[in-house]
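What follows is calculated from the coordinates using simple rules that are stated; it is not laboratory data. Every value quoted in this text rests on a predicted model; they were computed, and no experiment measured them. Glycine also receives a Cβ, built like all others from the backbone with ideal geometry; neighbour counts cover every protein chain displayed.
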Amino acid sequence: MQRNIPLGPRTWYGVGGAAEFLAEPRDQTELAELLAACHAADVPVHVLGKGANVLVAEAGVRGVVVQLNAAPFRQIDITAPIVTAGGGADLEKLITTTARAGLGGLEGLAGIPASVGGAIRMNAGGRYGEIGPHVQHVRCMTSRGEVVEHDRRDLRFAYRQSSIAEPIILTAVFELTPGDASALRRRLKDVMAFKKTSQPMAARSAGCAFKNPPAELSDKPAGRLIDETGLKGTRIGGAEVSTRHANFIVRHDGGTADDVIALIEHVQRTVAARTGITLEREIVIWGT
Ligand code: EPU
């Protein structure tokens, strides 16, 4: 546990304030003790995955930020076609390892930066599918440090959400489909290539800033609504609506978290005024 640790370097946006405390427990026992102690003392706990969908405000985060960086939380075990991964494991690594082992199912998620736990919690996905349908089982930890298991039967996944209420996903079990390893690797390359042409992958962002509106509100995705509102290239300070994909808000050198937040709000207001649709944020903002 460390005090007053800047969170910017641990997020894709690379900006924002510090965590009052940052905890990197070494194993499940330490994690359980930490959560139980925080619960007893009423200290807020925030769980950080790979920081790819979070923007930390300049004010920083009160309480404890937990990151599952220790080896026991990052393990990946393959007993084909079953794969078990720790919540802190890297999604990209899980995707390449399973494809190399000739197990298909996750290759459509290539290029999504995430921890396995973060990806499952928000049911990460895109045009080539979501992670939820591949999850068979999860072991979670409650805010009191107790272990809880959920089977496929009591798990629900929807667009960018899951039914998992516990703050921590310890491990996840996937059932994948045996396939040809070289075909799977080619598919990975194709998905990545498509993403590179349509998204500003090298820029600092947290992926799509807004969820696509539900079908009953609009048949147009958020990116198109923002684009048609003429907002591509709009800047506030060092934050800019990407000229490549309008649902990405990128941060240039010198741009602050406040610039990004101001631009998010500007986009919401402008799109609502023009189309009547209020875009719901997908990026999670900490510390406001
Ligand atoms: N479009 C525009 N202008 C733009 C961007 C998109 O007109 O600036 C139009 C495109 O022409 C396309 C449509 O909008 O016909 C959809 O665009 P895209 O295929 O890029 O998909 P998306 O719905 O914008 C979703 C996910 C992405 C994921 C991609 C690809 C959401 C909010 N976004 O984007 O997820 O990478 O599919 O699989 O669901 C993320 O969640 O952070 C994210 C990047």
Here the FRET efficiency for residue 37 versus residue 4, based on Cβ atoms and R0 = 22 Å and rounded to 0.05, is 0.70
For segment 106-123, Karplus-derived ³J(HN,Hα) couplings (6.51, -1.76, 1.60; θ = phi - 60°; whole Hz; x for glycine and proline) come out as 9, 4, x, 8, 3, x, 8, x, 6, 7, 4, x, x, 5, 6, 3, 9, 6
For the chain, the Debye formula with one identical point scatterer on each Cα and no solvent gives log10 I(q)/I(0) at q = 0.08, 0.12 Å⁻¹ as -0.35, -0.81
Expressed in nanometres to one decimal, the distance between label points 7 Å along Cα→Cβ at residue 180 and residue 274 is 4.6
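Find how much the distance from residue 193 to residue 62 grows on full extension, using 0.36 nm per residue of separation minus their present alpha carbon separation; answer in nm with one decimal.
Working: separation 131, 0.36 × 131 = 47.16 nm, distance 3.97 nm.
Net length gain for the segment: 43.2 nm.
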With x for Gly and Pro, the residue-by-residue ³J(HN,Hα) of segment 124-134, computed from phi through the Karplus equation 6.51 cos²θ - 1.76 cosθ + 1.60 at θ = phi - 60° and given in whole Hz, is 4, x, x, 5, 9, x, 10, 6, x, x, 8
Length gained, residue 82-residue 285, 0.36 nm per residue minus C-alpha separation, equals 69.6 nm
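With the cut-off at 21 Å, tell me which of the pairs 196/232; 50/93; 189/220 have Cα atoms farther apart than that. Display every interim value, and only then the final one.
Details: 196/232 18 Å; 50/93 13 Å; 189/220 27 Å.
Among 196/232; 50/93; 189/220, the Cα-Cα distance tops 21 Å for 189/220.
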One finds the C-alpha centres of segment 185-201 and segment 96-115 to be spaced, in Å, by 13
Residues meeting the amide H criterion for residue 18 (H placed from the backbone, H to H distance under 5 Å, 5 or more places apart or on another chain) are 7, 60, 61
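For residue 102, what charge total do you get from the other residues with a beta carbon under 15 Å from its beta carbon, if Lys and Arg give +1 and Asp and Glu give -1? Could the numbers behind the result be given before it?
Working: positive: 100, 185, 186, 187; negative: 107, 175, 180.
Result for the local shell: +1.
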Applied in sequence order to segment 212-219, the curve 6.51 cos²θ - 1.76 cosθ + 1.60 (Karplus, θ = phi - 60°) yields integer Hz couplings, x standing for Gly and Pro, of 5, x, x, 3, 6, 8, 7, 8
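Which order do the peptides 48-60, 154-166 take when ranked by the mean count of other beta-carbon atoms within 10 Å per residue, highest first? Mind showing how you got there, number by number?
Numbers: 48-60: 21.8, 154-166: 14.8.
Top to bottom by mean Cβ count within 10 Å: 48-60, 154-166.
Once you have the Cα-Cα distance between residue 203 and residue 163, take 0.36 nm times their residue separation minus that, and quote the gain in nm to one decimal. Mind dumping the intermediate values first?
Numbers: separation 40, 0.36 × 40 = 14.40 nm, distance 3.17 nm.
So the extension gain works out to 11.2 nm.
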Residues whose modelled amide H sits under 5 Å from the amide H of residue 206, counting only those 5 or more places away in sequence or on another chain, are 249
With -39,500 (n - 2.57) per DSSP H segment of 4 or more residues and division by the full residue count of the chain, the 222 nm estimate, nearest 500 deg cm²/dmol, is -8000 deg cm²/dmol
Interchain or sequence-distant (5+) residues whose placed amide H lies within less than 5 Å of the amide H of residue 179 are 103, 104
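Cβ under 13 Å from residue 48's Cβ, residue 48 left aside: what net charge do those residues give with Lys, Arg +1 and Asp, Glu -1? All intermediate terms of the calculation are to be shown ahead of the outcome.
Values: positive: 10, 50, 121; negative: 24.
My count for the surroundings of residue 48 gives +2.
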